[in-house]
1. Calculate, for VAL106 and ASP36, the FRET efficiency according to 1/(1 + (r/R0)^6) with r their C-beta to C-beta distance and R0 35 Å; round to the nearest 0.05.
2. Which whole-Hz couplings ³J(HN,Hα) result when phi for each residue of segment 104-113 is put into the Karplus expression 6.51 cos²θ - 1.76 cosθ + 1.60, θ = phi - 60°, listed in order with x for Gly and Pro?
Amino acid sequence: MSSIKPKQSIMQTLEAMPEDMRLLIVSKVGQNSPVDYFNTVLTCRSLSFRPDNPSVAKDLNLSPFVKKPLLSNQYESLMDACLKADNIDAHFVKGMIQFFQSQNQVLGLHHIHIASKSGHLQGRYIFGVLFMAIGETDKGIKIINDLPEEKELNCHPGDGTANTVCSKCFHFFLLTDFYTMMMGFNNLLD
């Protein structure tokens, strides 16, 4: 009688799965949680779930970089793979880095515009604000006014609308979010 260790059993099951199914599962893990994705990569190295695979890189959740774009400078190959796969978080982060750190406004706006067109909430807001900053006030206001009014935040606890921001608070919330992110830029530059 042969005994199979639990880890070997799981690996044998994963290895028996078709590769496209494994990649789909890992891409969904990466889409929901960057921490879970990286834990999966570390524990299943033999299965090659690396981000240079386009189906993984396209939907990889880069929320830590969206919150603090300068952190992405330490992960160039990851960012390059995600940009190549057209990951909207990667476009947003690249745009922020180019516009604010590298002083390349044209390339920065290009990447932020790609994120904005793809429905990236922060990308749309920043794109609108930057349009207003360069004198295209009407276009910027239209972009900002077309933003959806819901965001995962408890705006007015006890009023029955948990996890939303009301239309009165929405722009203030986005501006505060932008300010917090920019403070991340300042902290990393010090």
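FYI, it's all coordinate maths here, none of it is from the lab. Owing to the predicted nature of the structure, the values given are computational and were not obtained by experimental measurement. So basically every Cβ, Gly included, is an ideal-geometry build from the backbone, and we count neighbours across all protein chains shown.
1. Working: r = 36 Å, r/R0 = 1.04.
E(calc), rounded to 0.05, equals 0.45.
2. Karplus-based 3J(HN,Hα) across segment 104-113 equals 9, 4, 5, 5, x, 4, 4, 5, 5, 5 Hz.
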